[in-house]
Structures are given as C-alpha cells and as structure tokens.
Amino acid sequence: MTISLDLIQTIGLAVLVLYLGKYMKEQVPFFKRYFIPAPVIGGLIYSMAILAGRQTGLFSISLNHGLDDFLMVLFFTCTGFMASIHVIKRSGKQGLTLAIAAIAVLFLQNLLGMGVSSLMGIHPLLGVSMGSVSMSGGIGSAAAFGPSFEALGANSATVIGIAAATFGLVMGSLIGGPVAKRLIERMRLEPSSTDTSISFAENEPAPNTTSALSSVSTILITMALGSVLVLLLNNTGITFPYYVGGVFAAALARNLLDLTDYKINMKHIDLVGNIALALFLTLTVMSLKIWELFALALPMLAVLACQTLLMILFAYFVTFKLMGKDYEAAVMAAGHCGVGLGQTPNAIANMSTVIDKYGPAPTAWVMLPVITVIIINICNPFVITLFMNLFK
C-alpha cells in the first residue's frame, strides 16, 4: 500500500516528525550530550519506519517535495547575512589566522575524502560528501549538496553525507577535550590572569526599528537577487548550485547595508534561518533511503576514521601553534575539533569542558565560535563547488 501526500499534508507530517525528534532529544541523554539535531532524530525514526514498511511490503509513503528548494535557499541566504567584514575585522590578526586555518581544513577534508574513497573503489564525490560537506558543513550542508552530487553520478550522496555528519557530531565532541588536555598538561599551560577578551557584540536595532516584515522582505528580495546572480556565475563555465547564489547575494547585501543607516536585525534573520533549516532537514531525513547505506558501510568507516585522525592532528599541531601555543590556543584547539567535525554547539561544549577544569579562556570563548561559523558557512559552499566541478 502506497500513501501519497500533497504539499500541505507533507509539511504537516514534517512538523509532527520534528516535534517527535524534540521529544526524543529531551528523553534520551545521548542525543542531548552530542547535540544531535531534533530534525535528524525525528527524521531517522520516520525513515526507519519506512524501511520496515519497505522490507515487509506492508506500506510506503510518498512525500511532496515542492518546498524543499525554497527552504534550502532560504536557509543558505540567511547564513550569508552573517558575513559582516566589520565583525570579522574586530578579531585582528589572530582572527584572520584562525579563518585561514578553518579554510585550510575544508580543502584537506575534501582531498582526504576523495583519496580514501578512490582507494576504496567508490565515487570520489562520495568522499567529498564525507569531507567538508558533512564534517565542517554539517547535516544541513550534506542534505543540500547531496542531490547535486547524485546528479553527477555519486549515488546515495545524500544519505551518506547525513550519516557522516551525524558521526561527526559525536566524534567532534569526543576528541576535543582529550586534545586540549594533552596540550595543557604536556606544555604545562595555565590561564592568563588578564582578561583579553574580544567583544563581537553587534549593535542590534531596537525591536520597533526593524520590523519582522522588513527583515523577511530583505531576505526574500536577497533570495531573488541570488537566483539571478547564480545564473550569471554559471556563465563563467563553473557550475554553482542554485542556493550558493543566496549566500553570495546575502554577504554582499550585508556589507553594503552596513555602510548605510539601515541596520539588519540579525535576531529576525537567525529565527527565519533556523525555521527553514529545521523544516528542510526534517523533510530531507524523512526521505532518506537507509537501505542504500548497507553496501557502503566499510568504505564509510575508512573515510570517517581518516577524517577524525586528520582533525586531531590538525588541531594539535596546527591550530594550537597558529593561535599562539598558550592556554587560550589549547582551548581553541578543542573548539576547532568540535566545529571541524560537528557544529558550533560542539565547539562551545568542548571549550566549556576544558574551561571548567583548567580555568577561563575569554578570547577563545568569544572568538572561535564567531570566526569559524562565519568563515565555514560562507566559504564552504564555494570550496565544495570547486571540487564538484572537477567531475562535471
């Protein structure tokens, strides 16, 4: 028996699945500890039910994906508004160095993923799916780029990317603390008594200055401009995914508007982006064909083990040294492990664990999450696009 749902019914079901994920996250400590997103939890439960229905032949459900592209472009456009040059400049030379290190990790993750995938006899783009797409990019990036990779012959890229990103969420939280502990104890590092924290606080407009309607209108207009921009970019001979235009257009809009009296209310932008991401992820994970993972389990484990080792070595030998080889640098190494394999909450959790045991690290606490989230969200889509075009 096949049940076909229309657009409204699909969205309604997705909301129910999302709240199922929220409920399970509250009930299961593992999900809380490793910051597994509620859309992924609920979506995987739904996908497992569909797998059971498929294996037994009892039922299947056909979803309507009419809103998928809209939600995806909406989310990526909202991330683009974070790219304020004014905010990045406040971090100075150390922030620039951290940004370069974060970009270097993107390239290394993709090169490693492609290399190991080729050795294991699977499509190199699956290695990119298990590279910066899912490691630094996270589940949202894996869900967004998967279909583009599949169109280029990398079958099951979406399900593999999401599975890899989920793995990264766990491993990113597991390795950060031990890396910092090793550095602190081996180098005999101690917190500085001087508060050298950097303020990244933005001057948010008063609630009535920028209305919610004004913020949403800004997002929608930017999305439209982004769709035109990506068509122009594709004339260069390089294929850009549709949603990359939204990122680029939003980054340009943010920095142009920073020069005017019109101030973007980032609280509104973040709210819209979070809603779009939650619904997009839920719909994507609900559509996963989990059975496609079975034949690729061994190559996936090989690639993900190598990615974990890469992040440990990079944080220990590169991030730590570039950030000054002091206590703050060790805390940033822990945070980089979290964001390099997982997401910003993993980085904050890693740093919090180290700080709770060894003492405050105000600069690391403020700077690393801000710089890495901006740089990764803005640069990663373009890095991925570069690797994707190698297989056109």
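Some notes on this structure:
- Taken as a whole, the structure places Ser117 among residues that are crowded, with 18+ Cβ neighbours inside 10 Å and in contact with a Pro (Cβ under 8 Å, 6 or more places away or on another chain).
- Note on region 259-304: residues that are of a type outside the set (Val, Ile, Thr) and within 23 Å of Val73 (Cβ to Cβ) total 19.
- Residue list for region 64-78, filter: open to solvent by less than 30 Å² (accessible area, probe 1.4 Å) and charged (D, E, K, R): Asp68
- Checked against (1) free of Cβ contacts under 8 Å to residues at least 60 places away in the same chain; (2) surrounded by fewer than 24 Cβ atoms within 10 Å (Cβ to Cβ); (3) more than 13 Å from Gly176 (Cα to Cα); (4) not hydroxyl-bearing (Ser, Thr, Tyr), Ala364 passes all but a single condition, namely (2).
- If the condition is being touching a helix residue (DSSP H, G or I) at 6+ places or on another chain (Cβ under 8 Å), under 18 Å from Gly168 (Cα atoms) and open to solvent by 90 Å² or more (accessible area, probe 1.4 Å), then region 20-35 contributes Lys32, Arg33.
- Between Ser129, Ser192, Ser199, Ser173, the distinction of being among the hydroxyl-bearing types (Ser, Thr, Tyr), touching a Gly at 6+ places or on another chain (Cβ under 7 Å) and modelled with pLDDT under 95 belongs to Ser173 only.
- Residue list for region 254-303, restricted to those being open to solvent by 20 Å² or more (accessible area, probe 1.4 Å) and of a type in the set (Gly, Ala, Ser): Ala278, Ser287, Ala295, Ala297, Ala302
- Condition met for Ile100 (exposed (fewer than 13 other Cβ atoms within 10 Å of the Cβ), aliphatic (A, V, I, L, M), within 29 Å of Ser148 (Cβ to Cβ) and at pLDDT below 90): no
- Hey, Arg90 modelled with pLDDT under 90, within 24 Å of Phe294 (Cα to Cα) and either open to solvent by less than 50 Å² (accessible area, probe 1.4 Å) or not aromatic (Phe, Trp, Tyr) (or both) or not: no
- Residue count for region 174-186, restricted to those that are open to solvent by 30 Å² or more (accessible area, probe 1.4 Å) and either more than 19 Å from Lys325 (Cβ to Cβ) or touching a Pro at 6+ places or on another chain (Cβ under 8 Å) (or both): 1.
- In the set (1) open to solvent by less than 10 Å² (accessible area, probe 1.4 Å); (2) more than 20 Å from Phe248 (Cα to Cα); (3) part of a loop (DSSP other than H, G, I, E, B), the condition left unmet by Ser132 is number (2).
- Taking region 1-110 as the region of interest, the helices (runs of 4 or more DSSP H) fully inside it that hold 2 or more residues being touching a residue at least 12 places away in the same chain (Cβ under 8 Å) and within 19 Å of Ala165 (Cα to Cα) are 7-27, 38-56, 68-80.
- Answer from Tyr316, Tyr358, Tyr327 - the residue that is open to solvent by 40 Å² or more (accessible area, probe 1.4 Å) and on the phi < 0 side of the Ramachandran plot: Tyr358
Residue by residue, here is whether (1) open to solvent by less than 40 Å² (accessible area, probe 1.4 Å); (2) more than 28 Å from Gly172 (Cβ to Cβ); (3) at pLDDT below 90; (4) of a type in the set (Lys, Arg) holds:
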{"site": "Thr2", "(1), (2), (3), (4)": "no, yes, yes, no"}
{"site": "Val15", "(1), (2), (3), (4)": "no, yes, no, no"}
{"site": "Leu18", "(1), (2), (3), (4)": "yes, no, no, no"}
{"site": "Pro37", "(1), (2), (3), (4)": "yes, no, yes, no"}
{"site": "Ser62", "(1), (2), (3), (4)": "no, yes, no, no"}
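- Taking (1) touching a residue at least 12 places away in the same chain (Cβ under 8 Å); (2) out of contact with any helix residue (DSSP H, G or I) (no Cβ under 9 Å at 6 or more places or on another chain); (3) farther than 27 Å from Ile122 by Cα in turn, Asp356 satisfies each apart from (1).
The values are calculated or read from the model by the stated rules, or taken from the named source; none is laboratory data. Nothing here was measured: the structure is a model prediction, and the numbers come from that model. Cβ atoms come from the backbone with ideal geometry, glycine included; neighbour counts cover every protein chain shown. Side chains are part of the model used for accessible areas, which takes the heavy atoms of the whole protein and leaves out ligands, DNA and RNA. Shrake-Rupley method; radii C 1.70, N 1.55, O 1.52, S 1.80 Å.
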